[in-house]
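Encoded as structure tokens, the structure appears first; notes follow it.
The values are calculated or read from the model by the stated rules, or taken from the named source; none is laboratory data. Everything numeric here is computed off the predicted structure, so don't read it as measured data. Don't worry about glycine lacking a Cβ; one is built from the backbone with ideal geometry, like all the others, and counts go over all protein chains shown.
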Amino acid sequence: MPTDSAAQAGMQLTRQHTALVDVHDDLQMDVSEELLDDPNAAIAMALLELEALSRDNRDRLLQGGLNWTDGDRAVCDWVAGRYDHLSRIAYSAAAQVRKSVTSGAESSATIFGLTLLLLGHAIKWRKSAGQAADVTLRERGQRLYVSAAKRNLESTAFKVVVEREAIETNVEALFIRVLLIERFSSGNLSAKRLEILDTWMLASAQSTWLTRELREGGAIFCVDPTSQMRPLVPYQPGIVAPLYLPLWPFQRHLATIAHAFHVGTIYPGWGLGLRFRIEEHIGVMEFLEREFTLIEAVGVKKSKRLPVGGELVSLFTGFNDINLRALANQTTLTVAGVLGVSAAPTKFAAASSPSSPSLISVVNANIDAGAFTTFDAVQGAVTLLDVSETGLGLEMASDDAARIDIDSLVAVKLADHPACMVGVVVRKANVPKRSASLVGVKLLSRVPMRATLEEVNDRLARSTLQGIFLSGGSEGWQSDALIVNDAAYRANATMSVTVANGRFHVRLGRVLWQGPGWKMTAVHVSVAR
Amino acid sequence: MFANVRLPWLLTINTRIKNDTQAVQKTAKTMSKSTFDISAALNTPEKRKMRDRYIAQRFPKLAGTHRALTKTDEVLSMAQQLIEEGRKFLAIEMITLSLQEEVNQRDLWRFLIEDAFLRGDAARFKELIDGYAKQFELDEARPVIQAMAHDLSPALVNTQSKLEPVPLPNWTSISVGERDVELQQKLHVALETAAASLQAR
């Protein structure tokens, strides 16, 4: 049973909540009837009152995490509803300013900014309350930004108070915050981490701005304030947008945030996030680093794909099949060509002569590899559709494609290529109206080389390990790697291997990539002769 | 009218002084002085504890953080791993933390200098070479750094004479412990030789 004092406190809180709702209703009426002399001050005060009354509840809700009661959920819904309601009132006030021709620049910018601030709060708290996203909130923000930009108010500085902290900001920074909060709210960021990220964005308004000109480099968003469906999309080469949001200033600002932790403080020194555990803040840093990398990866110009007219190719799948058959003639021991000794034409080279450009079928490849076993995974013809700097596009029967998983290791032999290439399946898609599938292969090496590694130890019987060496090429020794059978992989075992004219003692390092039945590892050389 | 309605709990809002805000403002001033000299900012046991917790969470592999951060080779080795994993930001942060613990780690300074050069970040480069010059007054790398500075922005170098271009010192290509650059390069050359041989058939 609650004590008398607890019951009294509860009743007082209920009275305060009711009073706040009344205040908002009065404010709404005053705004709609245009009775306010200073709508900015009235809305700013209403926001302060809402923050002050709900602070303890918001703090408790965010700290609570998964342990919410029904009462907690109701309170969270109430908070989300209040921010939503207040943002609508502010939007009405801003709409009056949009019609007015007499409003001053700073005053107009402030009401636009306050409304954008409230819209951001409303989006965030809808997510925290587990409510469905409401795109009309973001759309209102877009209309406000367009209106402010038409009046050249988007960069006008003004101050708003957030969580008892006066921050200098502008309409543009608050508009960007609305777009980013909506994007991050739709992901798997927890309410606690969203709160931390939001505080960082508000505190670093000077680190976000929109540009009309595109400067490639780093993570960039394309921003179209008039687009209802996709106002914020990662930049891709070829996309032309009215505005761009470069993220490098915020990326650089992350160093400032990290520095605050280096000196034992929590950035920015205010907000509900101050009471969260350090792990939550670090989680947000790691989330942002991942996001920046992903956004940047979208913007990296993909190598141009050249259609090649559908020639037949040989395809091998699985480590053992590739090692034994596809790479039967490609070993690390061969140095003939480089040393000036003409190598005898291989079966692959003979098969790829101009007289038989597309005869490298699955069957031929098996013969070339000295094996007449049936080809398990892919039984039908495989056609090369396109080639790029980094990959291949293949077409095969859907039944065959179904037997190959994403991340499967494959070897491909082209008719006019002297060596069999090794890659990883990175995408599959069905071809409409045909029982065929497109398979995208990321090339790991154009000249992979099989090698037999022998364990270095004091025993008489030394075990051997089959591997496929991938030279890092122009990227240097850091990118050299070895592919081994998943089951045979042993970290830290010292192995001896001959490559060209040299003998090396190597250890298998970190796993760089892996898929069904294979691992690609870094190679650590300890002895080279 | 709304303007006449005021709720009582508002009265205290603007009178609160926030210690944390002051601390961060102080941090900003310290930062402009030096990123690596944090002794003044780290002036309470609580802050030290917070920093340690941060490092332990951010770099879980750095066991016994204080000592681990002063082992230049280990820090560089870990940085290399992080870079290979595509987490350069984290690598740079770890090196910065290491220099905050022990500023006399020459190879870490050089790593950051070359990194700033490669990124074309003239402001950061200037900050770093000034700090490096202060820390290591007589240093054989000085001509190389001057040439890099001249290449990045001639205004950074206070000289009238023309500087000859020098090869990049490769301070960010780390040679530590089991990954000896010379040995790794030998394997790389052998692999390239074998690959070229196969292609030449």
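Structural remarks
- Subset of the range A:257-271 (residues that are under 21 Å from residue B:37 (Cβ atoms) and touching a residue at least 40 places away in the same chain (Cβ under 8 Å)): A:257, A:267
- Residues in the range A:257-279 that are of a type outside the set (A, V, I, L, M, F, W, C) and surrounded by fewer than 19 Cβ atoms within 10 Å (Cβ to Cβ): A:275, A:277, A:279.
- Search result, residues across the range A:435-451 that are crowded, with 17+ Cβ neighbours inside 10 Å and part of a loop (DSSP other than H, G, I, E, B): A:446, A:447, A:448
- Evaluation of residue A:454 against (1) over 22 Å from residue B:188 (Cα atoms); (2) assigned to a strand (DSSP E or B) (one fails), failing number: (1)
- In the range A:225-256, the residues that are outside any helix (DSSP H, G or I) and aliphatic (A, V, I, L, M): A:229, A:232, A:233, A:239, A:240, A:241, A:243, A:245, A:247
- Filter result (on the phi < 0 side of the Ramachandran plot and in contact with a helix residue (DSSP H, G or I) (Cβ under 6 Å, 6 or more places away or on another chain)) within the range A:509-529: A:518, A:525, A:528
- Qualifying residue in the range A:406-414 (condition: modelled with pLDDT under 85 and more than 25 Å from residue B:193 (Cα to Cα)): yes
- Total residues in the range A:193-210, condition in contact with a strand residue (DSSP E or B) (Cβ under 6 Å, 6 or more places away or on another chain) and either without any contact (Cβ under 8 Å) to a residue 40 or more places away in the chain or not in a helix (DSSP H, G or I) (or both): 2
- Restricting the range A:439-478 to residues that are modelled with pLDDT of 80 or more and among the polar types (S, T, N, Q), the residue that is nearest to the chain's Cα centre (by Cα): A:445
- Looking across the range B:128-146, the residues that are surrounded by 18 or more Cβ atoms within 10 Å (Cβ to Cβ), touching a residue at least 24 places away in the same chain (Cβ under 8 Å) and either under 28 Å from residue B:42 (Cβ atoms) or under 13 Å from the mean Cα position of the chain (by Cα) (or both) come down to B:129, B:131.
- Qualifying residue in the range A:391-398 (condition: among the polar types (S, T, N, Q), touching a residue at least 40 places away in the same chain (Cβ under 8 Å) and at negative phi): no
- Qualifying residue in the range A:98-109 (condition: surrounded by 20 or more Cβ atoms within 10 Å (Cβ to Cβ), assigned by TED's automatic domain parsing to the domain that holds residue A:164 and touching a Lys or Arg at 6+ places or on another chain (Cβ under 8 Å)): yes
- Test for residue B:157: is it in contact with a His (Cβ under 8 Å, 6 or more places away or on another chain), buried (at least 17 other Cβ atoms within 10 Å of the Cβ) and at pLDDT below 90: yes
- Subset of the range A:257-289 (residues that are more than 7 Å from chain B (Cβ to nearest Cβ) and assigned to a helix (DSSP H, G or I)): A:257, A:272, A:273, A:275, A:280, A:281, A:283, A:284, A:285, A:286, A:287, A:288
- Filter result for residue A:324 (surrounded by fewer than 19 Cβ atoms within 10 Å (Cβ to Cβ), at the interface with chain B (Cβ under 9 Å from one of its Cβ atoms) and over 27 Å from the mean Cα position of the chain (by Cα)): no
- Subset of the range B:84-113 (residues that are touching a residue at least 60 places away in the same chain (Cβ under 8 Å), within 14 Å of chain A (Cβ to nearest Cβ) and of a type in the set (A, V, I, L, M, F, W, C)): B:99, B:103
- Scanning the range A:511-528 for residues that are surrounded by fewer than 16 Cβ atoms within 10 Å (Cβ to Cβ) and in a strand (DSSP E or B) returns A:511, A:513, A:526, A:527.
- Each residue in the range A:163-193 was checked for being closer than 18 Å to residue A:94 by Cβ and of a type outside the set (Phe, Trp, Tyr), and 10 pass.
- The range A:469-488 - residue that is part of a loop (DSSP other than H, G, I, E, B) and within 13 Å of chain B (Cβ to nearest Cβ) and, of those, surrounded by the most Cβ atoms within 10 Å (Cβ to Cβ): A:471
- Residues within the range A:188-233 that are within 19 Å of residue A:155 (Cα to Cα), within 20 Å of the chain's Cα centre (by Cα) and surrounded by fewer than 19 Cβ atoms within 10 Å (Cβ to Cβ), tallied: 0
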